[in-house]
Amino acid sequence: MNESTIYDVCDSFGLRSGLVYTGSPRWGPHISVSCPLAPINHGDWQDWNLSCSVSISDNEPSLARCFSFNCGFKGSFYRMLEQITEHKGAPLDLVAVLEMLAPTEKFTLKSKLARTRKILEEREEAMRRPRIASVDRDLMAEGRFERYANSVPHFAQPAGLQSRPARRGVWDTTKSVGVWSSRCVAMTASSSA
């Protein structure tokens, strides 16, 4: 159920609603509403605290969770609306709203199968697409370091540093200062201190 549909349902059922929360990547966006089951389960029959949270989803049924200690409902928002409609004696206007929501919000095997098929088709499509080579922005081409291969930077010259080739894997930790190219040129101090 999308955001505008949730607001319309809240208006139809006489529920107060809050703003949309972006939520986390795991839980997604949701809206706080007054719990539809408040007249049955809550001490506050109007639920002024907006203790129910309803998920917003364009392609999945909306889920609801009431954070009230007395209620604690957790499940389909559609099922929650069905329960309160039954409690109120099934007024025709609320039954009409439920019938409008049933094709997209009711949990049935047919709707679940259709959603699963859609997910599998999207994954298959993603596997067929050619992969684009990724470029890591933190890596630099080795050719960019060629100009530093046999030179000592100007800031290192007063310290008496010189460049000399070193074998790969060999590193003198007592005298070395750094590696300046892919050829593994070690910078060592000219003095033996």
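Here, each number is a calculation from the coordinates, and none is a lab measurement. Model, not experiment: these values are computed from the prediction. Here the Cβ is made from the backbone with ideal geometry for all residues, glycine too, and neighbour counts use every protein chain on show.
Note on Arg16, Arg129: ascending count of other Cβ atoms within 10 Å places them as Arg129, Arg16, the fewest first.
The fewest-to-most ranking of Leu37, Leu50 by surrounding Cβ atoms within 10 Å reads Leu50, Leu37. Neighbour counts of other Cβ atoms within 10 Å put Asp47, Asp8, Asp58 in the fewest-to-most order Asp58, Asp8, Asp47. Run the Debye formula on the Cα coordinates of the stretch 3-127, all scatterers equal and no solvent, and tell me log10 I(q)/I(0) at q = 0.17 1/Å. Ignoring solvent entirely, the Cα scatterers give -0.89.
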